[in-house]
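The values are calculated or read from the model by the stated rules, or taken from the named source; none is laboratory data. This one's a predicted model, so the numbers in the text were calculated from it and none came from an experiment. Note: ideal-geometry Cβ built from the backbone for every residue, glycine included; neighbour counts use all protein chains shown. Ligands, DNA and RNA are stripped out before the accessible areas are found, and what is left, the full protein with its side chains, is counted by its heavy atoms. Shrake-Rupley method; radii C 1.70, N 1.55, O 1.52, S 1.80 Å.
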Amino acid sequence: MREILPELERWRARGDRIVVATVVATRRSAPRPVGSKLIVSETGELAGSISGGCVESEVVEAARGLLAGGEPQLLTFGISDELALTVGLPCGGEIDVWVDEPEPALLDELADVARSERRAVHFVDLGDGTQRLLLDGDDDTGDELIRLGHSKVIELDGRRLFADVFGPPPRLFVYGAVDTADAVCAAAKAIGWRTVVADASARFATPERLPNADEILVAWPEEALAQVKPDHTTAILVLAHDDKFDLPLLTAALATDAYYVGALGSRRNQERRRERLLEAGVDEADLDRISGPAGLDIGAHTPAETAVSMLAEIMAVRAGRDGGRLKDASGRIHVEVA
């Protein structure tokens, strides 16, 4: 939703009617994930993408029909579709696309949710087209979906609903304002993540040294974690190379819901740190959560290469993948992630 927000707000400001096409389900390989959107204005302008170009023209025609008085509809495209010869997906997958014209007030609410990065679920009944928006905390079902973190079709009270989940982008918290920290922030920023870098030294934790960090904190480990409040969408990287920072930071990080906790350092240093943490009373099972040395084995050498290695491992953990070569994988290339 965020990527189409500027056009959506511009069209709404001039009073245009707007049709929204949303990918609600995919099967096998698909060019765009569930939740991807294409919006069409009544003047014929387009924003967003649902297939990278494979089926956009057909969906635009459906949008025009809707603006001319038609009904919302669920469209299916793919190799098994009767339209496969003209608009089939060359990747061999199938996608279901819901096309409708939401009420202007609902569009404004959705735009506000996306702009403010609030957690919410937009439910669409794929049978009769009725819709409702639930904000975080409004409903147990909605809260569970928000926690899960990705949009999907669900069955609820005998109805088939598309649950479109909204929320802030993933966060990466880095402790240690070293050169690799800014390289990791640059890589994370490129994929739309939010980054926070903290260090106890005001001399190192500066915008000049960390131009790619979204937020910089000058704080000791426990203070920094208290400000960041890591949740299940947060990854934590420890790059400090100093026990007086690493040990308290890792101890506190393991007590959070962070889905990834990684630490830079040689294997020898990892073993030494592990012994220190055990002596400090950290449970051995908790220590297994630490990825150390952090990163995938890609032969990284420079700070920028090391950043790619570490971010790749974080993404793999987030998606529940091993991080191996795609040519050796047997499952789907794309995966829905929390």
For this session: Scan the chain and hand back the longest stretch that contains none of the GluC sites (Glu not before Pro) lying in DSSP loops with at most 10 other Cβ atoms within 10 Å.
Result: 209-338
Seminar exercise, completed: For the range 150-203, listing trypsin sites (Lys or Arg not before Pro) in a DSSP loop whose Cβ sees at most 16 other Cβ atoms within 10 Å gives Arg203
Exercise. Length gain on complete extension for the stretch Arg268 to Glu222, per 0.36 nm per residue less the alpha carbon to alpha carbon distance?
Worked result: 14.0 nm
Seminar exercise, completed: For the pair Asp108 and His232, the simple spin-label estimate (label points 7 Å beyond Cα toward Cβ) gives in nm 3.3 nm
Exercise. In nm, what is the difference between 0.36 nm times the number of residues separating Arg276 and Asp140 and their Cα-Cα distance?
Worked result: 44.8 nm
Problem set entry | Modelled FRET efficiency - R0 30 Å, Leu326 with Ala304, Cβ distances, 0.05 increments | 0.85
Problem set entry | Residue-span extension gain [Arg14 to Ala285] - 0.36 nm each, minus C-alpha spacing | 91.8 nm
Exercise. Taking all protein chains as present, what is the carbon and sulfur share of the accessible area of the chain, in % to the nearest whole number, probe 1.4 Å?
Worked result: 49 percent
Exercise. What spacing in nm lies between the two simple spin-label points modelled at Glu71 and Ser116, each 7 Å away from Cα in the Cβ direction?
Worked result: 3.5 nm
Seminar exercise, completed: Counting only protein heavy atoms and rolling a 1.4 Å probe, one gets per residue an accessible area for the chain in Å² of 49 Å²
